[in-house]
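Here the structure is laid out as structure tokens; the discussion comes afterwards.
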Amino acid sequence: MKKPVCFLYDSSSSIKEGEFPDTYVLPLMVQDCTSSKQYFDGVNITTSKIERALIKGHQFKTSSSQPDDVLKILTKLSKKYETIYVFLIPMTLSPGQNNTVTLISKEFDNVIIVPHYMVTLMAKWECSELIELKKQKKLTLKTITNVVNKYRDNVGAALIVPDLSFLIKGGRIGKTKGIVASLLKIKALASFDRDGVSFRSKALSNNKLPSLINDYFDLIIPNFDYSKVEKVGILTSSVKDKNFDTNLYVDLIENKIISKINKNVKVEHASLPSVIIAHTGPNYTALVLLVKSKKN
């Protein structure tokens with residue numbers, strides 16, 4: 001007899017196989033261009049492994065899941081579950097992944113692809129709410145959509161990137177501008193939210209970063225107020241580079257921003273998934289906030 005429902009996320013969510021009940025993970029691909037080795041994200045390459053390789057000078061590129069792997073996992077889950085809800089890396093980050101899985105899913109009558117906007121810790125938070133709805137027997141496409149929209153409208157992630165060399169190599173910052181910025185020790189402030197990944201601003205001084213982060217959350221979340229924050233996450237590299245002290249930025253965030261948040265709100269610590277570190281490099285610090293919606 002089939003079980004009613006399962007969830008399938010891809011590895012951009014940072015969810016590990018077995019971390020949540022009836023939740024499965026489809027790995028994206030990570031290729032080491034220096035050694036010509038190809039990895040399954042989260043399976044045979046970890047965040048610490050890719051960070052160490054990047055520090056040594058390796059270059060990486062990422063790609064969609066292998067079509068055979070998509071077909072294999074959907075076939076397996078279709079035999080076990082009546083309905084499969086699929087949550088992929090946002091379209092703004094990987095149209096290829098979305099197109100590949102969508103095309104193959106048409107072979108199955110019980111696969112529903114749910115457009116969503118979250119990666120890493122934000123996707124984990126979203127998944128945990130869906131699991132709770134499932135436990136309460138309140139899981140429907142409508143309640144799933146409500147959770148997805150809640151995160152779309154009330155989550156933001158501010159990403160401090162002090163080392164621009166990886167963004168230059170990946171072509172996300174122009175070479176000339178990037179070199180000048182690096183010489184001046186400019187830090188980039190990027191963001192990830194419903195609009196995808198954006199470069200918001202830059203700062204010469206670390207002391208300017210908290211106000212830039214405040215400005216970002218004021219812009220992206222309607223009626224933003226630190227007193228309404230219900231979830232907090234700090235994302236940092238799991239491997240320390242002697243040339244960059246990410247603890248400096250963690251301390252800055254904790255002293256200047258998190259100190260404004262209710263002390264009963266737990267701060268969760270995590271890392272970005274390998275498929276994103278491949279582009280940002282290992283020397284990053286991110287602040288993720290979920291704010292209570294009006295309905296809450």
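Of all residues in the stretch 50-79, exactly one satisfies the criterion of being without any contact (Cβ under 8 Å) to a residue 40 or more places away in the chain, touching a strand residue (DSSP E or B) at 6+ places or on another chain (Cβ under 6 Å) and more than 30 Å from Val5 (Cα to Cα), namely His58. Taking Leu139 as the residue in question, decide whether it is open to solvent by 10 Å² or more (accessible area, probe 1.4 Å), at pLDDT 95 or above and touching a Pro at 6+ places or on another chain (Cβ under 9 Å). Judged against the criteria, Leu139 is a match.
If only residues of the stretch 203-254 that are open to solvent by 30 Å² or more (accessible area, probe 1.4 Å) and acidic (Asp, Glu) are counted, the one that is nearest to Leu121 (Cα to Cα) is Glu230. Checked against (1) part of a loop (DSSP other than H, G, I, E, B); (2) in contact with a strand residue (DSSP E or B) (Cβ under 9 Å, 6 or more places away or on another chain); (3) in contact (Cβ under 8 Å) with a residue 60 or more places away in the chain; (4) surrounded by fewer than 22 Cβ atoms within 10 Å (Cβ to Cβ), Leu272 passes all but condition (4). Taken as a whole, the stretch 106-118 holds no residue that is within 30 Å of Cys33 (Cβ to Cβ) and either part of a helix (DSSP H, G or I) or touching a His at 6+ places or on another chain (Cβ under 6 Å) (or both).
Here's the yes/no breakdown for (1) touching a Lys or Arg at 6+ places or on another chain (Cβ under 7 Å); (2) more than 23 Å from Leu93 (Cβ to Cβ); (3) among the hydrophobic types (A, V, I, L, M, F, W, C); (4) part of a helix (DSSP H, G or I):
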{"site": "Ala188", "(1), (2), (3), (4)": "yes, no, yes, no"}
{"site": "Leu209", "(1), (2), (3), (4)": "yes, yes, yes, yes"}
{"site": "Ile213", "(1), (2), (3), (4)": "no, no, yes, yes"}
{"site": "Phe224", "(1), (2), (3), (4)": "no, yes, yes, no"}
{"site": "Lys231", "(1), (2), (3), (4)": "no, no, no, no"}
{"site": "Asp251", "(1), (2), (3), (4)": "no, yes, no, yes"}
{"site": "Asn255", "(1), (2), (3), (4)": "no, yes, no, yes"}
{"site": "Leu287", "(1), (2), (3), (4)": "no, no, yes, no"}
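The values are calculated or read from the model by the stated rules, or taken from the named source; none is laboratory data. The structure displayed is predicted, hence computed values, not measured ones. Using ideal geometry, Cβ is built from the backbone for each residue, glycine included, and neighbour counts are taken over all protein chains shown. We work out accessible area using only protein heavy atoms, side chains counted, and drop any ligands, DNA or RNA first. Shrake-Rupley method; radii C 1.70, N 1.55, O 1.52, S 1.80 Å.
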